[in-house]
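All remarks here apply to the structure that follows.
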């Protein structure tokens, strides 16, 4: 096998960062080698197959303090280089190595880096591997972001992860992601999340139901509109979003239920603008 460490070392050092008076010093940035030099390094690594890629991954440090910037640059370059469409077999090798090492014995920070690379260039098989980390306390946000980028199979994975997701930020992230995907099959799970003990999760669930635009979200949206403080404001926003989507879909009666409720219940002066919006929208539905 080629000397992988020697190939990593061929990448240039960081550019010299100009000194700026009063500013925090920086070691500079990596512009990268000229394309012909980069291509030669990539091809040399790819000629050695998956073991070479795995060897590079094993050089990554737990703390990304810049010490392993060349290895990280090389791995990212390989992912993009083989993802151009002309190197399908090599691309499968790179992605396969990332997936195999994601399941390996690496620090969470290294796994996060690999998830980020799979987010950029992975397909459904990568999504299947990433989904295992949706409920991981440290990697759930990385995993959800990767699935949203990959798209294929994402809704199914997020939907399956929701019931067992840890309360708080993790569950909230999954709920929000399902809303972004407008996953109608998640209505029941999102309705339950709208009753969660965590306010941010409830807010995210109501928004997700509203963004899906199904009448099954009306009850949750109206309840959110009667909450207090910030949750109340977000509840009203969810109501208006859902009503707008329902009206656009021809479900005028469901939209009118929301607008009518807001018009009749926003009696305080501070919410008079909501009452006017609802009244105007009701008139437009006729």
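Readers should treat all values here as calculations from the given coordinates under stated rules, not as data from a laboratory. Every value quoted in this text rests on a predicted model; they were computed, and no experiment measured them. We place every Cβ from the backbone using ideal geometry, glycine too, and count neighbours over all the protein chains shown.
Each label was represented as a point 7 Å from its Cα along the Cα-to-Cβ direction; for residue 223 and residue 76 these points are 4.4 nm apart. Note on the range 170-220: the alpha carbon radius of gyration divided by the globular reference 2.2 N^0.38 Å gives 0.93. How much of the pair distance distribution for the range 135-286 lies past 20 Å, counting alpha-carbon pairs only, in percent? When all Cα pairs of the range 135-286 are counted, 47 percent exceed 20 Å. Using a 10 angstrom cutoff on alpha carbons, build the Gaussian network for the chain and name the most mobile of 198, 105, 226. Largest GNM mean-square fluctuation: 105.
What does the convex hull of the Cα atoms come to per residue for the range 1-135, in Å³? Per-residue hull volume (Cα only) is 121 Å³. Rounded to the nearest 0.05, the FRET efficiency derived from the C-beta distance between residue 264 and residue 230 at R0 = 25 Å is 0.65. Of the two radii for the range 110-149, the radius of gyration is 0.90 times the Kirkwood radius, both from the alpha carbons; that is the Rg over Rh value.
Considering only 236, 110, 274, the mean-square fluctuation computed in a Gaussian network model of the chain, springs between alpha carbons under 10 angstrom, is largest for 274.
With the simple spin-label model, which puts each label point 7 Å out from Cα in the Cβ direction, the residue 62 to residue 9 separation comes to 2.7 nm. What FRET efficiency comes out for the pair residue 167/residue 103, r = Cβ-Cβ distance, R0 = 35 Å, nearest 0.05? Computed FRET efficiency for residue 167 and residue 103 comes out at 0.85. Estimated at 0.36 nm per residue, the fully extended path between residue 35 and residue 185 surpasses their Cα-Cα distance by 49.4 nm. For the chain, the relative contact order comes to 8 percent (Cα pairs under 8 Å, sequence separation of at least 6).
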